[in-house]
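Colleague: Sharing a structure, written as structure tokens. Questions coming.
Just so you know, all these numbers are worked out from the coordinates, no wet-lab data involved. Just so it is clear, the model here is predicted, and its values are computed rather than measured. Note that we place each Cβ from the backbone using ideal geometry, even for glycine, and neighbour counts take in every protein chain shown.
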Amino acid sequence: MISIIKNISIFNSLTEEEVSTLSKSSKIIKLKKGEILFSEKDLVNNIYIVYSGKVTVFRLSEMGAKRVIYILDKGEIVNEVIFDKLPASVSCEMFEDSQILSLSSNDMLKVMESNFTFNKGVIDSMGRKIRRLYRQLKNTVPIKMDKKLAAKLWKLSKDYGVKVNRGVLINLDITVTYLADMLGSSRETISRCISDFQKSNLIEFKDKKIIVKNRESLSRYFKGM
């Protein structure tokens, strides 16, 4: 477990003794795509960090509709908020086959108390999530769904984009249903928007892969230019 902990960037500042402290209570959890790590209202005593793969953090509405909050990648902390000892306010599902590093929250706190750089790294992780939430709140104002989708695809192409001959490939397997969950919309609405984007030559969508033909054109679209 020591080598696994050392392979995660947020732990780079830890001493050998601090790594040893964390390793005593740590383990790797292997989960398949679609499996749940924890659910809303669960009492979670461990800190989870993505070691490989990707996970989805989401909430369910009172009507049972899923709303995706984050996609988290290797090295990202899933649930810093459990330090308050309250039940989980979100659920975590595997976006793809993944390995999750599980650590004792008490051991994490001990190391945070002794290592300011590590403490700051955890705070920075929370800060990045808060900023992402602020951006999502901005998208809750009355904006047409086509513009919301264009903005989301632009952001995904920025975060997960790989340049290819025809534009920028969003290097994720994404379904129409998943995009609807990200935007709090219906599958039918998102499907219509995607069809319109394809007709306008903004994107290509085939076999769960999206290619953004021109990121600047997509940006102008959601900015109304």
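Colleague: Hey, which aspartates and glutamates would be in cross-link range of K6, C-alpha to C-alpha under 20 Å, not counting anything within fewer than 8 residues on its own chain?
Modeller: E16, E17, E18, D73, E76, E80, D107, E113, D124
Colleague: Another one. If the cut-off is a Cα-Cα distance under 20 Å, which lysines reach K152, setting aside same-chain residues fewer than 8 apart in sequence?
Modeller: Excluding near neighbours in sequence, the set is K54, K66, K129, K138, K144, K163, K199, K206, K208, K209, K213, K223.
Colleague: Given Cα positions, please report Rg to Rh for the chain, the hydrodynamic radius being the Kirkwood one.
Modeller: Rg/Rh for the chain comes to 1.01.
Colleague: On to the next question. Just to be sure I understand: with springs between alpha-carbon atoms less than 10 Å apart, which residue in V122, V162, V55 has the highest mean-square fluctuation in the Gaussian network model of the chain?
Modeller: Its mean-square fluctuation being the largest, the pick is V162.
Colleague: Same structure, new question: Which shape class, rounded, prolate or oblate, goes with the stretch 60-137 when its Cα gyration tensor gives a ≥ b ≥ c as root eigenvalues, a/c under 1.5 marks rounded, and past that a/b bigger than b/c marks prolate?
Modeller: Since a/c reaches 1.5 and a/b is larger than b/c, the shape of the stretch 60-137 is classed as prolate.
Colleague: Any idea what the dipole of the stretch 145-223 comes to, in debye rounded to 20, about its Cα centre with Lys/Arg Cβ at +1 and Asp/Glu Cβ at -1?
Modeller: I would put it at about 280 debye.
Colleague: Divide by every residue of the chain the summed helix terms, -39500 (n - 2.57) for each DSSP H run of at least 4, and state the resulting mean residue ellipticity at 222 nm, rounded to the nearest 500 deg cm²/dmol.
Modeller: Calculated from helices alone, the mean residue ellipticity at 222 nm is -12500 deg cm²/dmol.
Colleague: For N106 and I130, what is the calculated FRET efficiency with R₀ set at 30 Å and r taken between the beta-carbons, to the nearest 0.05?
Modeller: 0.80
Colleague: Can I ask one more? Between I36 and S9, what FRET efficiency comes out of the Förster formula 1/(1 + (r/R0)^6) with R0 = 35 Å and r the beta carbon distance, rounded to 0.05?
Modeller: Here the calculated transfer efficiency is 0.85.
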